[in-house]
Amino acid sequence: MLYNAWIIPALPLAAFALIVFFTHRNRAVSAALSIGAILIGFVYAIPVLFQLIHNHGPHEFYFTWLDFGTWHLQIGMLLDPLTAVMLMVVTIVSSCVQIYSLGYMHGDPRFSRYFAYLSLFTFSMLGLVLSNNFAMIFIFWELVGLTSYLLIGFWFEKKSASDAGKKAFITTRTGDLGFIIGILLTFYACGTLNFGEVFTKIETGIFAGGLLTAAGIFLFCGAVGKSAQFPLHVWLPDAMEGPTPVSALIHAATMVAAGVYLVARILTVYLASETAGMVVAVIGITTSLIAASIGLVQNDIKRVLAYSTVSQLGYMIMALGLGSFTAGTFHLMTHAFFKALLFLAAGSVIHAVHTNDMQEMGGLGRKMKITAVTMFIASFSIAGIFPLSGFWSKDEIVAATMGHPVFMVLALGVAFMTAFYMFRLCFLTFTGTPRDPHKFDHAHESPRTMTYPLLFLAFLSVFAGWVGIPWLPHGYSSFVYHGEPHHAAFHFDIAGISLLVGLSGIALAYLMYYRRSISPDKVAERFRPLYTLLYHKYYFDELYDAVIVRPLYAICDFWFWFDQHIIDGLVNGAATLTLWWSIAKNWFDVKVVDGAVNGAAYTIRGTGSILRFAQTGRLQNYALIIFAGVILIWFLR
Amino acid sequence: MTDVSLTSVTFYILSFCIIAGGIFTVSSRNLFHSAVFLVFTLFSVAGMFVMLNAYLLAAIQVLIYVGAVAMLMIFGVMLTTQLTNVRLRHVNEQAWPALAVCGFFLAFIVYGLWDTPFQVVKADAPVNTSHALGTLLMTKYVLPFEVVSLLLLAALVGAVVIAKKD
Amino acid sequence: MAGQTAIGLNHYLMLSGILFTIGMFGVLTRRNAIAVLMSTELMFNAANIALVAFSRFVTPAALTGQMIAMFIIVVAAAEATVALAIVLLIYRSFKGINVDRINFMKW
């Protein structure tokens, strides 16, 4: 059973190939292929999960792809509890998103291609989580990046969409550069790329010290890019140009989770190297803070959710950096469900009112009951309210910061902001008086293909996290662990503080946006400079534009000028020289060579025209010459 | 001129006649005068033959050369009188170069022949050359004799053919 | 000078050469065709003199030179005949027999 787990990614790949080559004209069949593939994958993943619960593994299956003598490149699967969790997350969220897309993308001219891309993405993500060595994970890493690009820029007629796709690809690629360097350093130190062998070398101390720290930091660069951590977080908000289901799948639940997954998979490195681990944690919390603060003041519904994603990812990274494998991955799982739900619900709203701007919404709760209810559920979950999933996972994370007071304070601050902006979003969208009556009139609840996934994900948002309840004998922490299974301890004080923080965030949002007791505009006025800074996302895009993009363009312009003038100049110069040379040769040929030839002819003709007078035709002249010749011969003899 | 015998005097007179006649033949403005001088020259040559004991040859010379060829020349002169004024040049434009060439030619001949030792035989010639020549003609030289007769025939026919009016 | 005391072969040969040269001059120079023919007769005669002189002094008994001279005379006569016939023909065509004018093989 486990041996055949490769079927799970193979099915979406087959669906992709079939759609692309055969069925893309038939929308229904294409969608059916894609959804069918992922559902079967989900069904297959369940027994895989149970098998792994029974036997934690790790189970490794591989075959050698290329043999280089001293090492060999493998294609293989590594199955352990983390893999099982990721498989479930990916297949569930992917299924929900694909079913939802039936309704959302209805009528789009490139419907089949959309499902082909989704299948390709699903294949890439599943392959990524099953990989057993750095090379393979990198290949799938890049595939995931490719499909993300394709899907972000799906509506490429819009310039902002195609620009966003490019931005995403380039930014993640920058991170991947560090990733490659990390892989090379690992290979240099270990002579192998297989995860198991590398971890063994780390534990036995062969791979250690500065080299290990450097490798760890570089490997983390990949995660920084892919999971949109500071300073490579700038692509994620722009990626909202893609269709909302894409945002839900890729930029909330799965692809961005790949970075977190990577850090989790190679946590051995960060546990062994204190410095690298601390770097990871610092970047995580920094990202979390920056993103949460920006999300406070955004008006685009998807942007708020995007910054929320970045912030929550930062949470997970921080937890992993501080050494808590369980907390980071647990939050990854719960976050996938409620963030996917949030995005899909937002998509439902956008589908209804045809705008992303929350300032044009309001009071939609009356018209879109299911959407509103599910969104509120997800918001409670993300705010960490007992007894929803988010409460348990967030509690684990805060617990992980226990030995580091600074981190704890900052994490709680982030929790406050998270709760605040999520409920700001909910109140602005679903409550109050409609700010745009025209749009309000046209709003309606979404079709069933869209609402059923919402409901299912809402269910998961509430209950999926219950597997991590600390009092369970065989809970999450005894399944997904690093080193030894442990039973999570429950700290009432920590839980109580985080719950309080979440509730106060909700309360503030309630006051400002529901009751309107505190006016948001006045607050903005009082903190105008801060507000402007946050509204403009700390001017990161402008900074990158000035420091990186513009100089790059200038360099390109320079090389263009160089190519046009100098290289082409050389080429043209060579051509001109050749031309002059040929002109000179032509002159030479005409004047000198032809001159010589013609001159010879002229000379002969001239001589002939003179000599011909010897042919007088008269006999006596000839006789004279003959005798003169005889005399000459006499003379000479 | 140390030898003043009759032989040498005769020789010198005859040679003078020949040379003078020749010069006047080639340089005479009037064509008829040239012909007459040619006859005079030919007679003198016949006389020279007599000096050389070639009696038959001298007779033949007079008979044929003077009697036929020279007559023919005179006939030709008469028949081809050109009705032009007499002041035409009688020599062409290459007279002086021809003179030079002839001078050199003569110089070479003289120079070549002067010291050449010919095998002179001090013997007498046969007195009756007619008989001797006739015998030779019929014995040793019969082939040239016949060929020459053919030649004469051809010349005869040819002259008639060429010159007849058609 | 050999044969100075008596008239020897050399004298006759000198005479022959002079006559030949005179005839040659006439051939090269005279404009009238018949005059040219006359000059060639002179040259023939010069040759005859030389031949007979050789016959007398070198082979007096064989008379070879005289024979040849006789043949020369005959052939010269035949040649003069034909030549004059041609001259007459030319005279008829061109109304004049200046050899200067007969230059149809010129350039």
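Here are some notes:
- A Förster radius of 30 Å, combined with the Cβ-Cβ distance separating A:R528 from A:T275, puts the computed FRET efficiency at roughly 0.15.
- Reach of A:K585 by Cα under 14 Å, taken over aspartates and glutamates that are not fewer than 8 positions away in the same chain: A:D594
- A straight Cα-to-Cα reach below 26 Å connects B:K164 with the lysines C:K95, residues fewer than 8 places away in its own chain not being considered.
- Dipole of segment A:502-576 computed with +1 at Lys/Arg Cβ and -1 at Asp/Glu Cβ about the Cα centre; of A:Y538, A:V571, A:L508, farthest Cα towards the positive end is A:L508.
- Pairs spanning more than 32 Å between alpha-carbon atoms, out of A:K159/A:K537; A:K167/A:K522; A:K166/A:K201; A:K201/A:K537; A:K226/A:K367; A:K158/A:K394: A:K167/A:K522; A:K166/A:K201; A:K201/A:K537; A:K226/A:K367; A:K158/A:K394.
- On Cα atoms only, tilt of A:255-265 relative to the major axis of chain A in degrees: 80
- Rounded to 10°, Cα long-axis angle of helix A:405-430 versus longest principal axis of chain A: 90
- Karplus (6.51, -1.76, 1.60) ³J(HN,Hα), θ = phi - 60°, over segment A:352-368, in Hz, Gly and Pro reported as x: 7, 9, 6, 8, 9, 7, 5, 5, 9, 9, x, x, 6, x, 6, 9, 10
- 0 to 90° range, to nearest 10: angle between helix A:448-463 axis and chain A longest Cα axis: 60
- 222 nm mean residue ellipticity, helices alone, for the protein assembly as shown (DSSP H n ≥ 4; -39,500 (n - 2.57); rounded to 500): -23000 deg cm²/dmol
- Look at where the Cα atoms of segment A:6-85 and of segment C:1-61 average out, and the two centres are 133 Å apart.
- Å² of accessible area per residue within segment A:558-637, as computed with a 1.4 Å probe and no ligands counted: 80
- For chain C, the carbon plus sulfur part of the accessible surface works out to 73%, probe radius 1.4 Å.
- Point-charge dipole on Cβ atoms (K/R +1, D/E -1) for chain A, about Cα centre, debye to 20: 1820
- Most mobile listed residue (B:I18, B:I74, B:I109) in chain B, GNM with C-alpha springs under 10 Å: B:I109
- Segment A:555-637 - charge dipole about Cα centre, Lys and Arg +1 at Cβ, Asp and Glu -1, debye rounded to 20: 1120
- Rounded to the nearest 20 debye, the dipole size of chain C about its Cα centre is 400 debye, using +1 on the Cβ of Lys and Arg and -1 on the Cβ of Asp and Glu.
- Residues whose amide H falls under 5 Å from that of A:Y62, counting only those 5 or more places apart or on a different chain, are A:M77, with hydrogens built in the peptide plane.
- Association of chains C and B removes close to 7200 square angstrom of accessible area from solvent, both sides included, for a probe radius of 1.4 Å.
- Among B:F11, B:S27, B:V148 the positive-end extreme of the charge dipole of chain B (Cβ point charges): B:S27
- In terms of its C-alpha gyration tensor, chain B has an oblate overall shape, because the principal axis ratio a/c (a ≥ b ≥ c, square roots of the eigenvalues) is not below 1.5 and a/b does not outweigh b/c.
- Here the 3J(HN,Hα) profile of segment C:29-44, calculated from phi with Karplus coefficients 6.51, -1.76 and 1.60 at θ = phi - 60°, is 10, 5, 8, 8, 4, 5, 4, 4, 4, 4, 5, 5, 4, 4, 5, 4 Hz, Gly and Pro shown as x.
- Positive-pole candidate from A:T275, A:I385, A:T309, dipole of chain A, charges at beta carbon: A:T309
- Once backbone amide H atoms are built at 1.01 Å from N, A:G384 has A:F391 as its partners under 5 Å, excluding neighbours fewer than 5 places away on the same chain.
- Karplus (6.51, -1.76, 1.60) ³J(HN,Hα), θ = phi - 60°, over segment A:612-620, in Hz, Gly and Pro reported as x: 5, 5, 5, 7, 6, x, 9, 4, 6
- For chain A: Kirkwood Rh in Å [reciprocal of mean 1/r, alpha carbons]: 27.6
- Apolar share of the accessible surface for segment B:66-160: 74 percent from carbon plus sulfur atoms, 1.4 Å probe.
- Segment A:602-637-segment B:107-166 distance, computed between alpha-carbon centres (Å): 34
- Accessible surface of chain A [probe 1.4 Å, protein heavy atoms]: carbon and sulfur percent: 70
- Whole-number accessible area per residue in Å² for segment A:217-354, which is evaluated in the context of all protein chains at 1.4 Å: 14
- Set of lysines with alpha-carbon distance to B:K122 below 27 Å, sequence-local pairs under 8 removed: B:K140
The values are calculated or read from the model by the stated rules, or taken from the named source; none is laboratory data. Predicted model, so just to flag it, every value in this text is computed and none were measured. Don't worry about glycine lacking a Cβ; one is built from the backbone with ideal geometry, like all the others, and counts go over all protein chains shown. The accessibility values were calculated without ligands, DNA or RNA, using every heavy atom of the protein model including side chains. Shrake-Rupley method; radii C 1.70, N 1.55, O 1.52, S 1.80 Å.
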